[in-house]
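Notes for the one structure printed next.
Any read-out appearing in this document is the output of simple, stated calculations on the displayed coordinates, not a laboratory observation. These numbers were taken from a predicted model, which means no experiment stands behind them. Every residue, glycine as well, gets a Cβ built from its backbone with ideal geometry; the counts of neighbours run over all protein chains shown.
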Amino acid sequence: MERGVLQLTELPDPVPGKGEILVKSIACGICGSDLHAARHTEDFVNTSREAGGAFKLTTFKPVVMGHEFCAEVVDYGPGTEGSVPPGSLVCAAPVLLREPMEPVGYSDTIPGGFAEYMLLSESLIVPVPSGTDADLAALTEPMAVGLHAVNKAALQGDESVLIIGCGPVGLAIITALKNSFSGVIIAADFSPGRRQLAESIGAHVVIDPAEESPYQHQEIRKDKLVIFECVGVPGMLDDIFIGAPQNAKIMVVGVCMQQDHIRPLIAINKELSLHFLLGWSMEEFNESLHRIADGTFDVAPLITSRKSLAEVPAAFDELATPNTEAKVLVKPWT
C-alpha cells in the first residue's frame, strides 16, 4: 500500500536477524484499521508523527500491511534459540524488536502478513496448539482486542451492553461477552447481514439504527449502560453523547484516524464516562489463542471469505462500505 493505493508486487524475501524468525504467512485478516489506513493515509501518518505511540504509521513509502496472522516457521536468524521447530504454526505480537521497533504491518522496511514471507521476533511468538486450524488461529489478534475491551469495561453482570457496529471488532466483543457476561447484549448495525451474524453468535437484541434508536430499546437499562463504540468514524462519539442515557460508560474501540468533533457539554451534563482502548496484553493474546483452540471462542462464523493476494485491492474496495462481510482472510499462498 502506498498513499492508499494497493497493488501486487514482487519483493526480495526478508532475511531474519538475531532473535528473529522467518515465517510463511498462512492466513492474515484484513483489519478495520487497515481499511482506515488505506483510506486516510495522510491523517494516519501525520498523527503518528505528531503523537507517536505503539499504534502508528510514520511513512508515505510503500507498506506491506497485515498484522492479524497465523504463520509457519521456516528458519531462524543467527544466534536465535529455535525454540519452535520449522513447520510449526505460530501467532505473534505484530512487533519486530529492532532499534527502532518496527510495527509489523505498518512498516516500510519489513513486510506484514499480506506477504508470502515475513519476520517475527522469537520472544513474541506463541505456538498454536496442535490440531488448531490456521485460519481460526489467525483471529487471535482481533479476539484479543475484543477480550481486552471486555476486561477494561470491568462489567459486574447487571448492566445492559450496547455494541455500536457489528464489524469484526464488535463481533469479537460479542464473542468474548458470550463467555463471561450474564446480562443483556444489544447490537446495532446498518448491515442486515452483520446484524444477523451478531444475533447468531450471541447478541440478544439486534437493531437497525435507520429504523430505531438503539438507546431507546426496551431492553436498555438506562441507569446502567455500557456502550462499546466499534465504528471509528468522525461524528460517532458525538452521536453517542446525544443518544446515551445519564451515567453511561462508553468504551471507544473503533479507531478514528481523522480529526473529530465532540461537544463536551453534552457528556458533562450526562456525566458520561469515556474510555479509550488500545490493543491487548500478551496474557490476553495467549488466552484468546487457547480459547480459540479449545472452542470456547467460536470464531469460525466470523470468517466470511478468503482472498488471494491478487484479490486484496478489490476486497478493500468492497469493505469500504457496509456489507455482509465480517472477517476477510488473506491467503498469500492461494
Worksheet item: Points 7 angstrom from Cα along the Cβ direction at R263 and V233: gap in nanometres?
Response: 2.1
Discussion item. Give me a comma-separated list of calculated 3J(HN,Hα) values for the range 327-334, in order, Karplus coefficients 6.51, -1.76, 1.60 applied at θ = phi - 60°, integers in Hz, x for any Gly or Pro.
Written reply: 8, 9, 9, 9, 10, x, 9, 6
Worksheet item: By how many degrees, between 0 and 90 and to the nearest 10, does the Cα long axis of helix 192-201 differ from the longest principal axis of the chain?
Response: 80
Worksheet entry | 5 angstrom amide H check on V95, placed H, neighbours 5+ away | V104, S121
Worksheet item: Taking only Cα atoms, what is the 0 to 90° angle, nearest 10, from helix 140-153's long axis to the longest principal axis of the chain?
Response: 40
Worksheet, complete the sentence: Any residue on another chain or 5+ positions along whose placed amide H is under 5 Å from the amide H of I207 is listed here as A187, A188, D189
Worksheet item: Which lysines, on any chain, are close to K249 with Cα under 20 Å apart, when same-chain ones fewer than 8 places away are left out?
Response: K152, K178, K222, K224, K270
Worksheet item: Using a cut-off of 22 Å between alpha-carbon atoms, which lysines can reach K331, once sequence neighbours fewer than 8 places away in the same chain are excluded?
Response: K24, K307
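What FRET efficiency comes out for H217 versus Q246 if R0 is 22 angstrom and r is the Cβ-Cβ distance? Round to the nearest 0.05. Don't jump to the answer; show the numbers that get you there.
Details: r = 16 Å, r/R0 = 0.75.
Step by step, r from the Cβ atoms, then E = 0.85.
For Cα pairs less than 8 Å apart in space and 6+ apart in sequence, what is the mean separation divided by the residue count of the chain, i.e. the relative contact order in percent? Provide the component values of the computation, followed by the final result.
Working: 732 pairs, mean separation 63.4, N = 334.
Once normalised by length, the contact order is 19 percent.
At a Förster distance of 41 Å, what's the computed FRET efficiency of E81 paired with S200, Cβ-Cβ distance as r, to 0.05?
Numbers: r = 43 Å, r/R0 = 1.05.
After rounding, the FRET efficiency stands at 0.40.
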Item to complete: Just the number, please: Stokes-Einstein D of the range 134-290 in µm²/s, Kirkwood Rh from C-alpha pairs, 25 °C, 0.890 mPa s.
Response: 157
Item to complete: Would you compute, from DSSP H runs of 4+ residues alone, the mean residue ellipticity of the chain at 222 nm, taking -39500 (n - 2.57) per run and dividing by the full residue count, rounded to the nearest 500?
Response: -8000 deg cm²/dmol
Fill in: Label-point separation in nm, K178 to R3, each point 7 Å along Cα→Cβ
4.4
Item to complete: Along Cα→Cβ, 7 Å out, is where each label goes; now give me the distance between the ones at A320 and H290 in nm to one decimal.
Response: 4.3
Worksheet item: Relative contact order of the range 141-276: what whole-number percent is it, with Cα pairs under 8 angstrom and at least 6 residues apart?
Response: 22
Discussion item. Taking amide H atoms as placed 1.01 Å from N in the peptide plane, list the residues 5 or more away in sequence, or in a different chain, whose amide H sits under 5 Å from that of A27.
Written reply: C70
Fill in: ³J(HN,Hα) computed for each position of the range 62-75 - Karplus, 6.51 cos²θ - 1.76 cosθ + 1.60, integer Hz, glycine/proline x
x, 10, 8, 7, x, 10, 10, 9, 10, 9, 10, 5, 10, 7
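I want the antiparallel fraction of DSSP beta bridges within the chain, as a percent rounded to 5.
Working: 23 of 48 bridges.
Here the antiparallel bridges make up roughly 50 percent for the chain.
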